[in-house]
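Input: a single structure, listed below in structure tokens.
The values are calculated or read from the model by the stated rules, or taken from the named source; none is laboratory data. Just so you know, these numbers come straight off a predicted model, no measurement behind them. Reconstructed Cβ throughout: ideal geometry from the backbone, glycine too, with neighbour counts over all protein chains shown.
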Amino acid sequence: MMKYSLLYVILALFVLQSCVIPESNHVEPEYHLLTKSIADENKSRALPMVSFHIREVSLPPYLDENRLVRRTDNSTIKYLENHRWGEPFGEGISRVVGLNLAEMFSTLLYSSYPQRPKIGCHYEIGISLERFEVTGSDNVIVSAIVDIFHKSKPVSNFYFNRSIWIEGKSVHDETQALSFALSMLSAEVAKTIHSFPLSQALRIRCKDLSFKEQNLEQSLAIVEDLLTDHSSSTEQLYVHFKNFDASTNPNVLSFKTDSEFLIDVINTIGDKFGATVSFTATDIIFAPVR
């Protein structure tokens, strides 16, 4: 009997030993976020009246996931299994570019995908990324096509390409460099938008401005003079009418203002002469209402 009891004890010990759970090798991933980053020289483009929306960012398939990626050479990439983005990558880019532009313009009138554009939004910004990753040479590369729209019509587009040196060796340093690259992209968008005549019309305040029985052509000449005299844009801006016979329009404009923004004056002229107003990258165009 003792012999069998000892056998049962040995068997039980063997079973217990076989049920011991081995130590896990699982490593909890570290999650990262892109952050707002503004250089001091980019804080002088205040447009507090402007409103904008950052559209959904277009990503190449290899970037459209939550693992951080490094490009070791032109045809090879490496995913970092233990370092992930804390939000969908495209939405993070949209969020940060929105935050950057909002601070550069000193405005709260903005939205970023997945939010919808605000009512009366002046500009929508589309970003199509071609590259946005760390390279084997300790740089961050950002390459993108940027499209800017006003009322769903294209106003401007440009290609942006920069290489940013990573100051450090940690993944945190890499994400900081990626954020700074977005800051440079945002600055180029801000510079472009700031140069538009619509943006200048939202910025220029008219003081002691009088219209005394001015016809359409005379009224538009006054607006163009205001743009020329007070614009902070380096571009030549134009005001003109299209498909509109100003000589046969009997209306004249008489009013005085000492505090309105130029955009309000432009809208008043359009209402008085029965014209629609459209904006391009360099022009304000008045055309007959159809």
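Quick one: is VAL155 over 14 Å from the mean Cα position of the chain (by Cα) and either surrounded by 15 or more Cβ atoms within 10 Å (Cβ to Cβ) or farther than 25 Å from SER278 by Cα (or both)?
So VAL155 fits the description; yes.
Give just the number: which of (1) surrounded by fewer than 16 Cβ atoms within 10 Å (Cβ to Cβ); (2) assigned by TED's automatic domain parsing to the domain that holds ARG70 does THR175 not satisfy?
(1)
Please specify each residue of region 81-120 satisfying the condition of being in contact with a Pro (Cβ under 9 Å, 6 or more places away or on another chain) and touching a residue at least 60 places away in the same chain (Cβ under 8 Å).
Matches in region 81-120: HIS83, PHE105, SER106, THR107, LEU109.
If you check LYS212, LYS207, LYS191, LYS169, which single one turns out to be in a helix (DSSP H, G or I) and either surrounded by fewer than 20 Cβ atoms within 10 Å (Cβ to Cβ) or without any contact (Cβ under 8 Å) to a residue 40 or more places away in the chain (or both)?
Checking each option against the conditions leaves just LYS191.
Let me confirm something: among LEU182, LEU237, LEU262, LEU220, which residue is at pLDDT 90 or above and closer than 30 Å to PHE160 by Cα?
LEU182
So ALA201 ticks every box in (1) over 16 Å from VAL142 (Cα atoms); (2) more than 18 Å from the chain's Cα centre (by Cα); (3) in a strand (DSSP E or B) but one. Which box is left unticked?
The single condition ALA201 does not satisfy is (3).
Has region 252-266 got any residue that is within 21 Å of PRO48 (Cα to Cα), surrounded by fewer than 13 Cβ atoms within 10 Å (Cβ to Cβ) and not assigned by TED's automatic domain parsing to the domain that holds ALA190?
yes
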